[in-house]
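Novice: Dropping the structure in here first, questions after.
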Amino acid sequence: MRVVSFWVSWVLALMLSSMAQAQCTQQSLRISVIPKKSMEALIRDYQPLLAYLSNVLGIPAEIVAASSYESVVDAIVSGGVDIAFLGPASYLLAYQRDPHIEPFASLTINRGYFTPAGHHYQALLLTPLEQASNLEALRNKRVALSDPASTSGSMVPNVEFSAQVGMPLTQFFSSVVYTGSHDKSLDALLEGRVEAAFVASVRADAYLNTGRISASTFNVLWRSERIYYDPYVFSSGLCSEYKARIRSAILGDPQALAGFLTSQDATGFTSVSHAEYEPLLRIMQTKSTPSMP
Amino acid sequence: MLCTTTLAFLWELFFQQKAISRQEALAAKAAEHLNLATITAESLRQLVDRAQALGKVIQIDLRGQEGSKHWSLVRMLAEDPALKRMALYEPNGRMLTASHPNEPAQLPTDALEQLRQHIAIYGFKPLLPNQSLATQHTNQPSWSLPFLLPLSDSTLSKLESILLVQSDIGYLAGLLQHIDLGNSGLLRLLDSAGAERLRVSNSGVVMAGEQLSPNLPDNSELAGKFSQYSLEGQYQSLYRRLPQRGFSVTVSQRRDEILSSSQHIYERQLYLNLSMTLLILMGLVWIWRVLGKRQEAFLALEQAQQINQQLIQRLEEEYRRSSHAAATDHLSGLYNRRQFIEIAEATLAKQRSKRHLTAILFIDMDRFKSINDSLGHKVGDLLLQAVAGRITHLLEPGDEAARFGGDEFVVLLAGDRSEEQIDTWVKTLVSKLSAVYALNEHELNTSPSVGVAICPRDGQMMDELIRYADAAMYSAKQAGRGQYRFFDSSLNVADIEEFVLEQAFSAALEERQFVLHYQPQVRLESMQVIGYEALIRWQHPEFGLVYPDRFITLAERSGFILSLGWEVLRLACEEMAFWRSQGIKAQMAVNVSPLQLRQADFSDRVLSELESYGLDPACLELEVTETCVLDAEGQAIEHLQSLRKAGLHISLDDFGQGYAGFSHLQMLPLTRLKIDRSLITKLSNTHNDSPIVSSTIILAKRLGLEVIAEGIETREQLVYLRLAGCDIAQGYYFSRPMTADQLHKYPPFMDSMETTCA
């Protein structure tokens, strides 16, 4: 039903409006967010930000739900959305398809049990305490990844972890399941549907902070190199005036978005550029392993 | 049997129910999974069908703005949860335009060929091509599923263009995220070549999962069920095929998991069944063992019984065997009493059947005792041997002779003799036996007294014939030495003594002519007199002192014995009362006739007699013979039992003479066994041990009886009996029977103030 209504509204829009490409002539600001947790929760989280930006720009701001990391990449590359909150890896995937997209901000994240404070986080390999105490015990067990385009939930483990154990994940583990999000991976791990999961340290902290796990629920059997935290990225088609206004609104007045930052376990915004993600790009390009069935 | 049936029923039911519930669980899951496969396939079909319907409109938009940005389209695609990217191609595969950069510029020829074939069969319907068709930007797994949408011209006859739509795998996975497939449940999307394009489990999209084989069955069925296997086990798979869209959906789950719930129930049932089976089997084993033990006990009892039986048999056998060994009298070489009676009875029967007369002679040597005493046993023995030799010499074929003990011989004359011939034969015998004996430098003169009884004139039975012959012998002895007498007085020339005696009985009783003489009984262990046997004598005014052997038989024959018996008891009680007045408590033994015991009031009268004198029943001992108890219908035994109960002592007299076996004795309430004097006499004749006497003593002890021996005459006999374990002895060696006056002066009697009647 939802699909149909989208199609109908799109066809109407097609007939009534001409293609708007002029400077800052757009009628709304569209934001998409990678589904790190459930889309409903994300939409809820982002309402303060949307309201704030709408207020700053004077046009409505809306969030576009996404089914996968790749659909957010598609959307930012095609100009289907104006701003995307991407993971480092999905940013680089998008960057490879459209070098004109522009990372401009990232969150300064709280220090957590699993995550150091600042701008970096890590990919973790977690396993229930009673399941295994060393990596070897996880051989031929089931592992959960989040989304193929997730940095800590797929990309980095596929590259770094594979390099460490000397074989692709699909060989080291008996089966590799893409759950779609970090939260689903953690849930699968808690419910015993998998024996191990690669998740972002920030999501593990979020679970710890909300009491869904305790510090001793999981063993951390592997940690990736530090990864620069997720960027907010401008589409290449967004007019420069809006870019400037958004940048200054977000980076200039962190207090205005305190509620939103709390929901993201962050303390503020920080300015980023492509340079912060350059090291990861090199890793992604030089090393290769996995394959599609 | 019942157990087996119960167990069979139990397990049959268990397996049947298990099989049925397994089938039911699998069937229920199959229905559920087929529905799921159908719904998934159908929603995917509707998704691409709608995309195609709208694709016709979109192509106008795309064609109109080739090479430029398609804002509306990309915004729409950004919002669309299912579709990601679109690209438009000419029928030859060259790209016209695309919503996103990086779409393949040329469609592969394989995909074009597949689409052509698809159109030929199913018309212009969307198709899942057998390859990915996505440009791989990195080494990440592709997260999109391509569909080729053939767009026709308005006439619907010609392929105008091809729309490539990339749908989001994340969307498809999201559709199923809340459906519980179970731990091992898998939903798979297969293309028309059977290759797996997508695998969704409970947790999400699975890469590099376990391979399932075999593939989808190669038939035209649109839906169905089949079994697949992986390393983890057997899967039940349901499929829904959509050939007109080029894909199939299968839903699989491990059989183990499907069955696990019922498995759990049946495991519990299994343990229940096992414990019930165990219980039943244990019960069976228990019953088996109890029965076995009972059987064992029974067998053991039976075995003990057998051993006892064997022991008794062996003892009796031994007794019989040793008795038989003594069948002949080894001094004379003649039969002994017992053997003689056996043989004589047979001969008598033959004689009677031939209607021949048979004579029984009872021979007693006169003066034998004085010869024995004066010249010694050796001479006595030689004399007896000589007598035996002379008797044997006179016998004709068929005649038998025996020595009954001491100097008594019995001869049976068979053959066809007349009374005169018998008389002649006896006369010859008397003269032969009266001839001078030359024995070891001694010349002896002695003579026999012979009594003769003739069958059938005097009696029919051997024992009465012997008794009559014995009686006749006494008559002869009475008449003087070297005499013989026939029992039938008519055959006797002159013997009216018996007749006179018989006539004199009642008068004798009235005049109290009967007196008692007393012979002491000595306990061998202490050599003390413990009691006396009362022996009856008839103080006849004419004949002098008459011994019981002369009148008891007469008394029995005339029935006078009953009055005589009571007279004896009265005399005994009188004497005992006197004893008591003197403070002497010795025991008195009184002989009882079989006839007395047949009286109905015997025991009552005895007890009332005792009571009237105020005597302790324990001081009276009744001596009975085997015949008392052998032929009575149990009344005699009843009397004895009630008397025994009252405290009287009962002893069996003359044991060893008759036939009574030991097993017979067990029935009698006896306190003592009195060994017959004939057995004791033999002890004086030989220096060898007498097996009869010793085994009799042993057996009597075994029955808990005291043993008393009568007729002790020599020191050797005493020593032997003492060694053999005999308790009490009586005989000339100690004292002859004494009159009351003699007794009262008898030193042991005077000293027996301390004795008791126990």
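Novice: Please give me the summed charge of the neighbours of B:V249: other residues whose Cβ is under 15 Å from its Cβ, Lys and Arg +1, Asp and Glu -1.
Specialist: +3
Novice: Taking every DSSP beta bridge with both residues inside segment A:120-227, roughly what % is antiparallel (nearest 5)?
Specialist: Percent antiparallel among DSSP bridges in segment A:120-227 is about 60.
Novice: Helix B:2-64 sits at what angle to the longest principal axis of chain B, using alpha carbons and giving 0 to 90 degrees rounded to 10?
Specialist: Orientation of helix B:2-64: about 0 degrees from the principal axis.
Novice: For labels at B:E160 and B:L509 in the simple 7 Å Cα→Cβ model, what's the distance in nm?
Specialist: Between B:E160 and B:L509, the simple spin-label model gives 16.5 nm.
Novice: Something else about it: Sequence-distant or interchain residues sharing an amide H contact under 5 Å with B:Y335, placed H: which?
Specialist: B:D329, B:A401, B:R403
Novice: Calculate, for A:T217 and B:E296, the FRET efficiency according to 1/(1 + (r/R0)^6) with r their C-beta to C-beta distance and R0 56 Å; round to the nearest 0.05. Walk me through the numbers on the way to the answer.
Specialist: On the way: r = 67 Å, r/R0 = 1.20.
The formula returns an efficiency of 0.25 here.
Novice: In degrees from 0 to 90, rounded to the nearest 10, what is the angle of the helix B:715-724 Cα long axis to the longest principal axis of chain B?
Specialist: Compared with the principal axis, the helix lies near 10 degrees.
Novice: With θ taken as phi - 60° and the coefficients 6.51, -1.76 and 1.60, list the Karplus ³J(HN,Hα) couplings across segment B:596-612 in order, rounded to whole Hz; mark glycine and proline as x.
Specialist: Each residue of segment B:596-612 in turn: 4, 5, 7, 6, 5, 9, 4, 5, 4, 5, 4, 5, 5, 4, 4, 5, 5 Hz.
Novice: Please sort through the DSSP H helices of chain A and keep those with an alpha-carbon extent of at least 24 Å along the long axis and a Kyte-Doolittle average not below 0.0.
Specialist: TM-like helix candidates: A:39-57.
Novice: Loop-only trypsin sites (Lys or Arg not before Pro) in segment B:324-412, please: DSSP not H, G, I, E or B, and at most 12 other Cβ atoms within 10 Å.
Specialist: Working: sites: B:R337, B:R338, B:K350, B:R352, B:K354, B:R355, B:R367, B:K369, B:K378, B:R390, B:R403; in loops: B:K354, B:R355, B:R367.
Here the trypsin sites (Lys or Arg not before Pro) that fit, given the DSSP loop and packing criteria, are B:K354, B:R355.
Novice: Any lysines with Cα under 27 Å of the B:K645 Cα? List them, leaving off those in the same chain fewer than 8 positions away.
Specialist: Straight-line reach from B:K645, under 27 Å: B:K585, B:K674, B:K701.
Novice: Still on this structure: Taking R0 as 41 Å, what's the FRET efficiency between B:C3 and B:R598 from their Cβ-Cβ distance, rounded to 0.05?
Specialist: On the way: r = 65 Å, r/R0 = 1.58.
It comes out at approximately 0.05.
Novice: To continue, here is another question. State to the nearest 20 debye the size of the charge dipole of the protein assembly as shown about its Cα centre, where the only charges are +1 on K and R beta carbons and -1 on D and E beta carbons.
Specialist: It works out to roughly 5900 debye.
Novice: Same structure again: Output the antiparallel fraction of DSSP beta bridges having both residues in chain B, as a percent to the nearest 5.
Specialist: 75
Novice: Please name whichever of A:L138, A:P157, A:F198 sits farthest to the positive end of the charge dipole of segment A:133-214, dipole taken about the Cα centre and charges placed at Cβ: Lys and Arg +1, Asp and Glu -1.
Specialist: A:L138
Novice: Give a residue-ordered list of calculated ³J(HN,Hα) values for segment B:422-433 (Karplus: 6.51 cos²θ - 1.76 cosθ + 1.60, θ = phi - 60°; whole Hz; x for Gly, Pro).
Specialist: My calculation for segment B:422-433 gives 4, 4, 5, 4, 5, 4, 4, 4, 4, 5, 5, 6 Hz in order.
Novice: OK, next. Residues with amide H under 5 Å of B:E160's amide H, sequence separation 5 or more or different chain, H placed in the peptide plane at 1.01 Å from N; which?
Specialist: Under 5 Å from the amide H of B:E160: B:L151, B:S152, B:D153.
Novice: Another question about this same structure. Around A:S150, which amide H atoms from residues at least 5 apart in sequence, or from another chain, sit under 5 Å from its own amide H, with H modelled in the peptide plane?
Specialist: Correct list: A:M155.
Novice: Using the per-residue mean of other Cβ atoms lying within 10 Å as a proxy for protection, in what order, highest first, do the peptides B:300-311, A:109-120, B:198-209 fall?
Specialist: My ranking of the peptides, most packed first, is B:198-209, A:109-120, B:300-311.
Novice: I want to check the label-to-label distance for B:A27 and A:R226. Put each point 7 Å from Cα in the C-beta direction and report it in nm to one decimal.
Specialist: In this crude label model, B:A27 to A:R226 measures out at 6.5 nm.
Novice: Further question: Treating only the Cβ atoms of Lys and Arg (+1) and Asp and Glu (-1) as charged, compute the dipole magnitude of segment B:509-751 about its Cα centre; round to the nearest 20 debye.
Specialist: 540
Novice: Could you check what % of the DSSP bridge pairs in the protein assembly as shown are antiparallel, to the nearest 5? Walk me through the numbers on the way to the answer.
Specialist: Working: 115 of 154 bridges.
Antiparallel bridges make up about 75 percent of those DSSP assigns within the protein assembly as shown.
Novice: Next question. At what distance in nm do the modelled label points of B:D616 and A:E136 sit from each other, each positioned 7 Å from its Cα along Cα→Cβ?
Specialist: So the two model labels end up 10.6 nm from each other.
Novice: For chain B, just the Cα set please: Rg and Dmax, both in angstrom.
Specialist: 65.2, 186
Novice: Here is a follow-up. Hey, what number do you get for the protein assembly as shown at 222 nm if only DSSP H runs of n ≥ 4 count, each worth -39500 (n - 2.57), divided across all residues, to the nearest 500? The partial results should precede the final answer.
Specialist: Numbers: 34 runs with 473 residues, N = 1051.
-14500 deg cm²/dmol, from helical runs alone.
Novice: Using +1 on the beta carbon of Lys and Arg, -1 on that of Asp and Glu, and nothing else charged, what's the dipole of segment B:326-495 about the Cα centre, debye to 20?
Specialist: 100
Novice: May I ask you to evaluate 6.51 cos²θ - 1.76 cosθ + 1.60, the Karplus curve with θ = phi - 60°, for each residue of segment B:511-517 and list the ³J(HN,Hα) values in order in whole Hz, giving x for glycine and proline?
Specialist: 8, 6, 7, 7, 10, 10, 10
Novice: Can you give me the angle between helix B:548-558 and the longest principal axis of chain B, using Cα atoms only, in degrees from 0 to 90, rounded to the nearest 10?
Specialist: 70
Novice: While we're on this one: For an R0 of 35 angstrom, estimate the FRET efficiency from the Cβ-Cβ distance between A:E62 and B:T109 and round to the nearest 0.05.
Specialist: Numbers: r = 43 Å, r/R0 = 1.22.
It comes out at approximately 0.25.
Read-outs: derived from the displayed coordinates by stated rules, not from any lab. In this text the structure is predicted, and so the values were computed from the model without any measurement. Because the Cβ atoms are built from the backbone with ideal geometry, glycine has one as well, and the counts that use them run over all protein chains shown.
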